[in-house]
1. Is it the case that A:Leu160 is under 20 Å from A:Leu47 (Cα atoms) and either surrounded by 21 or more Cβ atoms within 10 Å (Cβ to Cβ) or in contact (Cβ under 8 Å) with a residue 40 or more places away in the chain (or both)?
2. If A:Lys29 meets every condition in (1) free of Cβ contacts under 8 Å to residues at least 60 places away in the same chain; (2) surrounded by 15 or more Cβ atoms within 10 Å (Cβ to Cβ); (3) more than 12 Å from chain B (Cβ to nearest Cβ); (4) farther than 26 Å from A:Ser168 by Cβ apart from one, which number is that one?
3. Consider the stretch A:86-122. How many of its residues are more than 9 Å from chain B (Cβ to nearest Cβ) and either open to solvent by less than 10 Å² (accessible area, probe 1.4 Å) or among the β-branched types (Val, Ile, Thr) (or both)?
4. Keeping to the stretch A:202-234, report how many residues are at pLDDT 90 or above and of a type in the set (Ser, Thr, Tyr).
5. Would you point out the residue of the stretch B:168-189, among those that are part of a helix (DSSP H, G or I), open to solvent by 70 Å² or more (accessible area, probe 1.4 Å) and of a type in the set (A, V, I, L, M), that is nearest to the other protein chains (Cβ to nearest Cβ)?
6. Residue check, A:Ala169 against (1) surrounded by fewer than 18 Cβ atoms within 10 Å (Cβ to Cβ); (2) part of a helix (DSSP H, G or I); (3) within 12 Å of another protein chain (Cβ to nearest Cβ), all met but one. Which one?
7. Restricting the stretch B:196-219 to residues that are assigned to a loop (DSSP other than H, G, I, E, B) and away from chain A (no Cβ under 14 Å), which is surrounded by the fewest Cβ atoms within 10 Å (Cβ to Cβ)?
8. Does B:Ile174 fit the bill of being among the aliphatic types (A, V, I, L, M) and at pLDDT 90 or above?
Amino acid sequence: MSTILEVKDLTKKFADTEVLKGISFELKKGETLAVIGSSGSGKSTMLRCLNQLSPPDSGEILLEGVNINTPEIDLNTVRADMGFVFQDFNLFIHLSVLENVMFGPLRVRGLPKKEAREIAMAEIERVGMIDKIDFYPAQLSGGQQQRISIARALALRPKLILFDEPTSALDPELTGEVLGVMTALANDGMTAIVVTHEMGFAQSVADKAIFIDQGIIVEQGVPEQMFAAPRHERTRHFLSNFVGLE
Amino acid sequence: MEIIRILISELPQFAKGTLIALEVLAGLLALGLVLGLAIALAEIFGNTVVKFFATTLRKFLWAIPQLVLLFLVFYLPFDLNPVCAAIIALGLCSSAFQSQIFRGAILSVQSGQIEAAKAMGLSKPKIIFYIVIPQMIRLSIGPWTNEFSSELKDTSLAYVVGVVEIMRQAKYIIAYTFGNTAAVYLFVGVLYFMLTRIGTYFFYKLEERLWVPGFEKRS
């Protein structure tokens, strides 16, 4: 499989605090990468640096071989190719479910209405919400809203999709339905980076895992191995907080 | 009673005055809306220079009494007719107030939605047009209705530059009602009350139409 994303020595400072101190990793097409680490470790910042919601200070981000961390790059084109799913969904509250998912194809990609609608319907179907197309976000549960926000990201037909703690605002029951959708996506061959505290998901679904602590990647590897036999003391200590992991 | 007969016979004059008042009102609200929205967008989304000019203009218009601006515009050497002068002067004043209505409504649009639109690769003008403005409109209607009724009443100021609106008509009529001044003003008061009620009724209806399912309704 070809490399879709290569990150080299990414750094980011907020005022005097170094949040990212040189992050490097690679992602192949179709892979799911789980990013784990405690709160404040810099994992969400790293994700936000990738699509430049927070512009990184230095480093290279190669998307299909092209460095996108340069001023010459058209940021909007790059962002449309990288889906982003937020912790608190951020659906457009004045638009119905269908309109939310059609929004990307229609307003960002500039497709005709009919085509945008077909894409949207397919993605809504994929997340199992076809019976709710005329509902508005405020009428949906958190889990349903997150599924729609995943459909909204997918409707742009991105090259990869970034999940920023997609289940952290949900209770365990709703978490299950969102993780179900994400697992199906991974099985369909979608390339994804998932910042998460769901260790079960990271272990069973991800092809690769990265453990970030204090702005550096402490350990990366195949999840089963990393979870069963962490090589670093810090990884071991972090993982020991999660009970029930095999 | 004599005064009632006079008022009834003068109804066509009051109707004329009302039409003029509504013309001034529509004009000043439209001017205030366009300029007010521009000021609000400039103050929130503009760069430092744009922001500075918008804020200065808004503070200036905010601070000048409507009467002063009315006379100022009327006596500018452009030979404006009184209705135009009133629309421009009152519209400029209104823009300062409307800008604050829009500013508040724009800032109430959750920043997460704007970030989500940004993350989808939507340009700033499109974010403003498709995400911010539609939500702003719904949030603005309540306070904007307040501005509407306040400006409806302020059209009566236009009579100082010679606009023959409701107040000016009342003055003419008072000239031959032989001491029944209070009765004429009472009639004028009732007229303004009815105009305000009719206007606000329509704005509440509009607000209801723009209601987003899942949110509370005005009870």
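The values are calculated or read from the model by the stated rules, or taken from the named source; none is laboratory data. Everything numeric here is computed off the predicted structure, so don't read it as measured data. Counting neighbours? That spans all protein chains shown, and the Cβs are built from the backbone with ideal geometry, glycine included. Accessible surface is based on the protein model in full, side chains and every heavy atom, while ligands, DNA and RNA are left aside. Shrake-Rupley method; radii C 1.70, N 1.55, O 1.52, S 1.80 Å.
1. Values: under 20 Å from A:Leu47 (Cα atoms): yes; either surrounded by 21 or more Cβ atoms within 10 Å (Cβ to Cβ) or in contact (Cβ under 8 Å) with a residue 40 or more places away in the chain (or both): yes.
Spelling it out, A:Leu160 is indeed under 20 Å from A:Leu47 (Cα atoms) and either surrounded by 21 or more Cβ atoms within 10 Å (Cβ to Cβ) or in contact (Cβ under 8 Å) with a residue 40 or more places away in the chain (or both).
2. (1)
3. Counting residues in the stretch A:86-122 that are more than 9 Å from chain B (Cβ to nearest Cβ) and either open to solvent by less than 10 Å² (accessible area, probe 1.4 Å) or among the β-branched types (Val, Ile, Thr) (or both) gives 7.
4. Number of matching residues: 0.
5. First, pick out the residues of the stretch B:168-189 that are part of a helix (DSSP H, G or I): B:168-174, B:181-189.
When the remaining residues are screened for being open to solvent by 70 Å² or more (accessible area, probe 1.4 Å), the result is B:171-172, B:182, B:185-186.
Filter again for of a type in the set (A, V, I, L, M), leaving B:182, B:186.
Details: B:Ala182: 50, B:Leu186: 45 Å.
Applying the filter and picking the extreme gives B:Leu186.
6. Condition (2) is where A:Ala169 drops out.
7. Initial filter on the stretch B:196-219 (assigned to a loop (DSSP other than H, G, I, E, B)): B:210-219.
With away from chain A (no Cβ under 14 Å) added as a condition, the list becomes B:218-219.
Numbers: B:Arg218: 9, B:Ser219: 3.
Selected residue: B:Ser219.
8. Values: among the aliphatic types (A, V, I, L, M): yes; at pLDDT 90 or above: no.
Taking the combined requirement at face value, the residue does not satisfy it.
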